[in-house]
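Okay, so here's the structure we're looking at.
No lab work stands behind these numbers, since they all come straight from the coordinates. All values derive from a computational prediction rather than experimental measurement. All Cβ positions, even for glycine, are placed from backbone atoms using ideal geometry, and neighbour counts span all protein chains on display.
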Amino acid sequence: MVEPHDTKEWIRAVARYMNLSLSDLALNAGLAASTVTRYINDKSGKLSVTERTIEAIAVYSGIPKNVLPGQRRLPGFGESETVKYDARQDGALPDWVNTAIAAHKGNRNGVEPWLMKGWALDQLGILPGDILMIDQNRRPKAGDIVVAQLTDPVTQRTESVMRRFDPPFITTHSSKMGPGRPETVDDDRVVIMGVECGVIRPRQ
């Protein structure tokens, strides 16, 4: 049986994870703001929330009931879907790939190759196995493909992802993964690390 204090902890954690106030979390889940805020702020232990309230928050957030974000894999927090490309570790690729990387990089500092491992941007033509040249010095503009670092506010675990920058959000565009939750770029929990300036596709 889930104890009341565990439910309160879960609701607070979900609000932090969604980067929302308790009132906004309730309203977005189709609940009255006071339903959640009065329960969370109650010190007497006499107030409770219904199963319907918990279910509404779980459905809206996509986070299972009474499972804290970070305790199991959740959309947006798991194994990094993009990593810095390492020719020694990422399989035997044709020599022309490293030649192309060197040509893209040239003498520019802060331009590094990143390997895409997921399907988050397949609708934009970015596929698993693609190598994206990322310029860490370029300022992102609307529509740019970017590498971003996401930090789970509960566990402080980080993940690197590739997304499209649609200010003030980063977004997925995937036919395989379906709609994804936009992440607000706040330079704290969500930080853009660089902007795509070239794509290399080693395999056809």
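The table for this structure:
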quantity	calculated
Greater than 26 Å apart at Cα, pairs in 117/141; 105/141; 65/141; 84/141	65/141
Ratio Rg/Rh, restricted to the stretch 4-61 and using Cα atoms, in which Rh is the Kirkwood radius	0.91
Distance cut-off 17 Å, percentage of C-alpha pairs in the stretch 82-200 lying past it	56 percent
Cα-based reach from residue 46 at 19 Å (exclusive), listing aspartates and glutamates while leaving out same-chain residues under 8 positions away	3, 6, 9
Point-charge dipole on Cβ atoms (K/R +1, D/E -1) for the stretch 82-200, about Cα centre, debye to 20	80 debye
Which of 128, 197, 172, positive extreme of dipole for the chain (C-beta unit charges)	172
Reach of residue 176 by Cα under 15 Å, taken over aspartates and glutamates that are not fewer than 8 positions away in the same chain	81, 122
For the chain, calculated [θ]222 nm from helices alone, where every DSSP H run of n ≥ 4 adds -39500 (n - 2.57)	-8000 deg cm²/dmol
Sequence-distant residues sharing a close amide H with residue 193 (under 5 Å, placed H)	147, 148, 149
C-alpha long axis of helix 95-105 to longest principal axis of the chain, angle in °	70 degrees
Phi-based couplings in Hz for the stretch 106-121 (Karplus 6.51, -1.76, 1.60; Gly and Pro marked x)	x, 9, 7, 7, x, 10, 9, x, 10, 9, 7, 10, x, 9, 4, 10
Residue-by-residue Karplus 3J(HN,Hα) for the stretch 175-192, coefficients 6.51, -1.76, 1.60, Hz, glycine and proline x	7, 7, 8, x, x, x, 6, x, 10, 7, 6, 10, 6, 9, 6, 10, 10, 7
Between 0 and 90°, nearest 10: helix 51-61 axis offset from the chain longest Cα axis	20 degrees
